[in-house]
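Colleague: Let me give you the structure first, and then I'll get to my questions.
All of the numbers you see were taken from the coordinates with simple rules; none came from a lab. Please read these numbers as outputs of a predicted model, since none were measured by experiment. Cβ atoms come from the backbone with ideal geometry, glycine included; neighbour counts cover every protein chain shown.
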Amino acid sequence: MEPWPLRDRTSIVGIGETQYWKAGGADRTEFELACEAVQRAVADAGLTLADVDGICVYSGERSSPSEVAQALGLGALRFVSLYPGGGNSACAVVHHAALAVASGSADVVVCYRSICQGQFGRFGRARVGSGTARAEVGESVGGREAFTMPSGLMSAAQSYALEARRHMHEYGTTSDHFGMISVACYAHAQRNPRAVMHGRPLTLEDHQRSRMIADPYRLFDCCQESDGACAVVVTRTDRARDLRRSPVLIAGAAEGLAPGDGGDRMRRPRELWTSAGLAGTARDLYARAGVGPADIDVAQLYENFTGQVLMTIEDFGFCGRGEGGGFVEGGTLEWPHGALPINTAGGNLAEAYIHGLSLVNEGVRQMRGESTTQVEGAEHCLVVAGPSAPPSSALILRRAS
Amino acid sequence: MSAPTSPGFGATMPVPKVEPLTEPFWAAAREGRLVIQRCADCGTFRHLPHALCARCQSAAHDWVESSGRGRVFTYTVVTHPVHAAAVDAVPYTVVVVELDDCGGVMVPGNLVGDPAVAARVDLPVEVVFDPVTDEVWVPRFRAAG
């Protein structure tokens, strides 16, 4: 098979982020946060705002490309894309940016995400729609939600708890296993002063004592609700060599929706109830990057909820189907001794919930050797966007030699 | 106390909107019957309702009455309400039921009835209908006798 023509040909050359706050804590508007993150990422790259000629955003981003371009005085935009869904898209936008710059449709593409849940309402409440495009629930609901909301099935935690429960039934997975994922993320956040949960360590006992949200999910199985923004800058690797920072190579990028899966999750194939739906994406991604699970030194795995991280670990072949519980025992996910340190900045659980783009930023820091929880000698970082939310997406970042 | 067919949701709980595609479903529900959409061309069942058959892309369909019996495929006990109508109902149980008939489609709902019966995977259940308005009866499930 021909190798993926984009392998290593595009790079992330700049990252930026605002301060992160608990939802409602931001002292600026969502739009101001978006602009700040973009400015920082472009400055980090050693480029000017006028060099930017492409924007990729997702999930009904309210800080629209046209508003941001005008406000910041960006160059003539030649490529713009908006990916559907929510956190599933965090790696897909980087994929789109890579395709755009590799094809010559654009030269410098910025991907950004801004979330001000304080300004616009919290994700954990009952809402209809997806991502920031969600609206308040009315007196009646049509479409798919006519069959779920009147049963009180109206939050992400509840929907994903159904998968976690089935995984427990089929494979003997326990709440402790889910808790071990939280403990790893919180441990890493203690080393990251940017993390909202910095200074708030978590033990497995704390996890087990936390209040139940939607059985089997407890409070600490759920991602945070945050305010903040982050951004990344993508360009061709040959162009990147002249820039301020050493490029971080996009070794592989992939998106995927398994056959039969889709918006109506009641209708998905049976095996996808206990999967992140990413097994096919994982196969594509490894083939494109020319590496396998054993080559991954560190991973940033989107935590909407802990059980879905466990299913992601299985989908990406770090263990067999149903073996995720056993795999995470014994500190496997914890720096510095674990075999697969994850979410080294604290992740969505303990750094901030910026719809997953913060995980890409942390992947870049790992490949630059600049993480506050640096995996020594790391050469490959896997980044996986929102699991069990098709179409989802993933990246393998490679340290430039 | 809540009625045995209801989890005890408040009056502001959203009511299903009867739409052209789903009108036969809700018309049957009003008569205490659970009906499932079946492709008129290839016979494949589907639920939730959709305009097209994913197997053969036909839009032609009929509605087949189910026994309303099945087993709990998975469930969650909700203790944290995210809507005002659920505040006084927690804890309530959401189930996904794999029907014994109709191609084993998955039907979401609540486990209602005897509060002493806890949800578990594989619990045999049967459908009951909760008349939330004169027009709309919402299907829920109770442990099968």
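Colleague: Using θ = phi - 60° and the Karplus relation 6.51 cos²θ - 1.76 cosθ + 1.60, list the HN-Hα couplings for region B:101-115 in order, rounded to whole Hz, with x at every Gly or Pro.
Modeller: Per-residue couplings from phi come out as 10, 6, x, x, 5, 8, 10, x, x, 10, 8, 10, x, 4, x Hz.
Colleague: Quick check: Cα centre of region A:42-101 to Cα centre of region A:328-401, how many Å?
Modeller: Spelled out, the Cα-based centre of one part sits 22 Å from the other.
Colleague: Take every Cα pair under 8 Å in region A:8-121 that's 6+ residues apart, average their separations, divide by the length, and report that relative contact order as a whole percent.
Modeller: On the way: 191 pairs, mean separation 38.3, N = 114.
Answer for region A:8-121 is 34 percent.
Colleague: Tell me, what is the FRET efficiency for residue A:211 and residue A:294 to the nearest 0.05, using R0 = 41 angstrom and their Cβ-Cβ distance as r?
Modeller: Step by step, r from the Cβ atoms, then E = 0.55.
Colleague: Hey, for a label at residue A:239 modelled as a point 7 Å past Cα toward Cβ, could you say which residues of region A:105-120 have their backbone N under 15 Å away?
Modeller: A:105-111
Colleague: Further, regarding this structure: Quick one: which residues, 5+ away or cross-chain, put their amide H under 5 Å from the amide H of residue B:128? H built at 1.01 Å from N.
Modeller: Amide H neighbours of residue B:128, under 5 Å, 5+ apart: B:140, B:141, B:142.
Colleague: Can I ask one more? After finding the eigenvalues of the alpha carbon gyration tensor for chain A, what semi-axes result from the square roots of 5 times each, listed largest first in whole Å?
Modeller: Equivalent ellipsoid of chain A: 30, 24, 21 Å, largest first.
Colleague: What is the mean number of Cβ atoms from other protein chains located within 10 Å of the Cβ atom of each residue in peptide B:69-75, rounded to a whole number? Show your work: numbers first, answer last.
Modeller: Details: counts 0, 0, 0, 2, 7, 12, 6.
Per-residue shielding by partner chains comes out at 4.
Colleague: Among B:42, A:116, which comes first, then next, by fewest other beta-carbon atoms within 10 Å? Working shown, then result.
Modeller: Details: B:42 12, A:116 26.
Listed from fewest to most nearby Cβ atoms, that is B:42, A:116.
Colleague: Suppose every Lys and Arg Cβ carries +1 and every Asp and Glu Cβ carries -1, with no other charges. What dipole size does chain A come out with about its Cα centre, to the nearest 20 debye? It would help to have the intermediate numbers written out before the result.
Modeller: Values: 37 positive and 45 negative charges, 59 e Å.
Dipole size: approximately 280 debye.
Colleague: Rounded, prolate or oblate: which fits region A:169-291, taking a ≥ b ≥ c as square roots of the Cα gyration tensor eigenvalues, rounded meaning a/c under 1.5, else prolate when a/b beats b/c? Let's see the in-between values first.
Modeller: Details: a/c = 2.38, a/b = 1.21, b/c = 1.96.
Oblate is the answer for region A:169-291, as a/c is 1.5 or above yet b/c matches or exceeds a/b.
Colleague: Same structure, new question: If each residue of separation counts as 0.36 nm, what is the full-extension length gain between residue A:71 and residue A:176 once their alpha-carbon separation is subtracted?
Modeller: Numbers: separation 105, 0.36 × 105 = 37.80 nm, distance 4.77 nm.
Extra length from residue A:71 to residue A:176 when fully extended: 33.0 nm.
Colleague: With a cap of 16 neighbouring Cβ atoms within 10 Å, and only residues DSSP puts in a loop, list the trypsin sites (Lys or Arg not before Pro) found in region B:87-142.
Modeller: On the way: sites: B:120, B:140, B:142; in loops: B:120.
Here the sparse-neighbourhood loop sites are B:120.
Colleague: Next question. Using a Gaussian network model on chain A with a 10 Å cutoff between Cα atoms, which of A:265, A:165, A:236 fluctuates the most?
Modeller: Maximum among the listed residues: A:265.
Colleague: Each residue of region A:217-230 in turn: what ³J(HN,Hα) in whole Hz from Karplus with 6.51, -1.76, 1.60 and θ = phi - 60°, glycine and Pro shown as x?
Modeller: Calculated HN-Hα couplings, in order: 7, 9, 3, 7, 8, 9, 5, 6, 10, 9, 10, x, 8, 8 Hz.
Colleague: Residue by residue, what Karplus-based ³J(HN,Hα) values in Hz, rounded to whole numbers, does region B:132-144 have, using 6.51, -1.76 and 1.60 with θ = phi - 60° and x for Gly and Pro?
Modeller: Result, ordered by residue: 6, 9, 4, 7, 10, 10, 8, x, 9, 9, 10, 4, 6 Hz.
Colleague: Under 4.7 Å Cβ to Cβ, no partner at all: give me those cysteines from chain B, in residue order.
Modeller: Singleton cysteines: B:102.
Colleague: Pull up the DSSP beta bridges for the protein assembly as shown and report the antiparallel fraction as a percent, rounded to 5. Don't skip to the answer; put the middle values down first.
Modeller: Values: 69 of 85 bridges.
Roughly 80 percent of the DSSP beta bridges within the protein assembly as shown come out antiparallel.
Colleague: Here's a follow-up. Name all residues of region A:385-401 having a backbone nitrogen under 19 Å from the label point set 7 Å from the Cα of residue B:121 along its Cα→Cβ direction, giving them as ranges.
Modeller: Zone members listed by number: A:388.
Colleague: Let me ask you something else. Per DSSP H run of at least 4 residues, take -39500 (n - 2.57); add these up for the protein assembly as shown, divide by its residues and hand me the 222 nm value, nearest 500 deg cm²/dmol. Mind dumping the intermediate values first?
Modeller: Details: 14 runs with 130 residues, N = 546.
After summing the helix terms and dividing by residue count, I get -7000 deg cm²/dmol.
Colleague: Right, here's the next one. Under the Kirkwood approximation applied to all pairs of distinct alpha-carbon atoms, what is the hydrodynamic radius of region B:23-143 in Å?
Modeller: 15.2 Å
Colleague: Given springs between every Cα pair under 10 Å in a Gaussian network model of chain A, which of A:324, A:280, A:16 has the largest fluctuation?
Modeller: Comparing A:324, A:280, A:16 in the GNM, the peak value goes to A:280.
Colleague: While we're on this one: Based on the Cα gyration tensor of region A:256-401, what are the three equivalent ellipsoid semi-axes, each the root of five times an eigenvalue, rounded to whole Å and given largest first? The partial results should precede the final answer.
Modeller: Values: eigenvalues 117, 48, 45 Å².
Its equivalent ellipsoid spans semi-axes of 24, 15, 15 Å.
Colleague: Placing +1 on the Cβ of each Lys and Arg and -1 on the Cβ of each Asp and Glu in region A:284-401, which of A:338, A:287, A:305 has its Cα farthest towards the positive end of the resulting dipole?
Modeller: Comparing the listed Cα positions along the dipole, A:287 ranks first.
Colleague: For chain A, calculate the relative contact order in percent as a whole number, restricting contacts to Cα pairs under 8 Å that are 6 or more residues apart. Before the final figure, lay out each step's value.
Modeller: On the way: 1004 pairs, mean separation 100.3, N = 401.
So the answer I get is 25 percent.
Colleague: Moving on to the next point. Residue by residue through A:152-164, how many Cβ atoms from other chains fall within 10 Å of the Cβ on average? Present the calculation step by step, with values, prior to reporting the outcome.
Modeller: On the way: counts 18, 8, 9, 6, 1, 4, 6, 4, 1, 6, 9, 3, 2.
Averaged over the peptide's residues, the number is 6.
Colleague: Continuing with the same structure: Show me the trypsin sites (Lys or Arg not before Pro) within region B:1-69 that DSSP assigns to loop and that have at most 14 other Cβ atoms within 10 Å of their Cβ. Mind showing how you got there, number by number?
Modeller: Numbers: sites: B:17, B:30, B:33, B:38, B:46, B:55, B:69; in loops: B:17, B:30, B:33, B:55.
Those satisfying the criteria are B:55.
Colleague: When the dipole is taken about the Cα centre of region A:144-259, and only Lys, Arg (+1) and Asp, Glu (-1) are charged at their Cβ, what size is it in debye, to the nearest 20? Write down the numbers at each step before the final one.
Modeller: Details: 14 positive and 13 negative charges, 109 e Å.
Around 520 debye, computed over region A:144-259.
Colleague: Can you tell me the relative contact order of region B:23-143? Whole percent, Cα pairs under 8 Å, sequence separation 6 or more. Mind showing how you got there, number by number?
Modeller: Numbers: 252 pairs, mean separation 29.6, N = 121.
Dividing the mean separation by the residue count of region B:23-143 yields 24 percent.
Colleague: Per residue of B:90-96, how many C-beta atoms from partner chains lie within 10 Å of its own C-beta, taken as a mean?
Modeller: Details: counts 3, 3, 2, 3, 11, 3, 10.
The shielding value for this peptide is 5.
Colleague: Estimate the FRET efficiency between residue A:204 and residue B:87 by the formula 1/(1 + (r/R0)^6), using the beta-carbon distance for r and 22 Å for R0, to the nearest 0.05. Working shown, then result.
Modeller: Values: r = 31 Å, r/R0 = 1.39.
After rounding to 0.05, the efficiency reads 0.10.
Colleague: Same structure again: What do you get for chymotrypsin sites (Phe, Trp or Tyr not before Pro) in region A:303-401 restricted to DSSP loop and a cutoff of at most 13 other Cβ within 10 Å of the site's Cβ? Kindly include the intermediate steps, with their values, before the conclusion.
Modeller: Numbers: sites: A:305, A:316, A:318, A:327, A:353; in loops: A:316, A:318, A:353.
Taking region A:303-401 and a limit of 13 other Cβ atoms within 10 Å, no loop chymotrypsin sites (Phe, Trp or Tyr not before Pro) are found.
Colleague: Rounded to the nearest 0.05, what FRET efficiency do residue A:287 and residue A:219 give with R0 = 41 Å and r taken as the Cβ-Cβ distance? Could you check? The partial results should precede the final answer.
Modeller: Numbers: r = 39 Å, r/R0 = 0.95.
It comes to 0.60.
Colleague: A further question follows. Give the value in nm², to one decimal: projected area of the alpha carbon convex hull of region A:60-142, averaged over all directions.
Modeller: 6.9 nm²
Colleague: Now a separate question. Using per-residue counts of other Cβ atoms within 10 Å, averaged over each peptide, order B:122-132, A:91-101 from highest down. Don't jump to the answer; show the numbers that get you there.
Modeller: On the way: B:122-132: 18.6, A:91-101: 27.1.
Those peptides, ordered most packed to least, come out A:91-101, B:122-132.
Colleague: Now, a different point. Using 20 Å as the cut-off for backbone N distance, which residues of region A:197-217 belong to the label zone defined by a point 7 Å from the Cα of residue B:79 along Cα→Cβ?
Modeller: Residues A:202-217 qualify, since their backbone N sits under 20 Å from the label point.
Colleague: Let me ask something additional. Looking only at A:325, A:73, A:369, which one moves most when chain A is put into a Gaussian network model with springs between Cα atoms under 10 Å?
Modeller: Maximum among the listed residues: A:73.
Colleague: Next question. For residue B:68, enumerate residues with amide H under 5 Å from its amide H, sequence gap 5+ or separate chain, H modeled in the peptide plane.
Modeller: none
Colleague: Among B:143, B:60, B:112, pick out the residue whose Cα is farthest towards the positive end of the charge dipole of the protein assembly as shown, where Lys and Arg carry +1 and Asp and Glu carry -1 on C-beta, about the Cα centre.
Modeller: So the residue furthest toward the plus end is B:60.
Colleague: Hey, got the dipole for region B:23-143? About the Cα centre, +1 on K and R Cβ, -1 on D and E Cβ, debye to the nearest 20? Walk me through the numbers before you get to the answer.
Modeller: Details: 10 positive and 15 negative charges, 64 e Å.
I would put it at about 300 debye.
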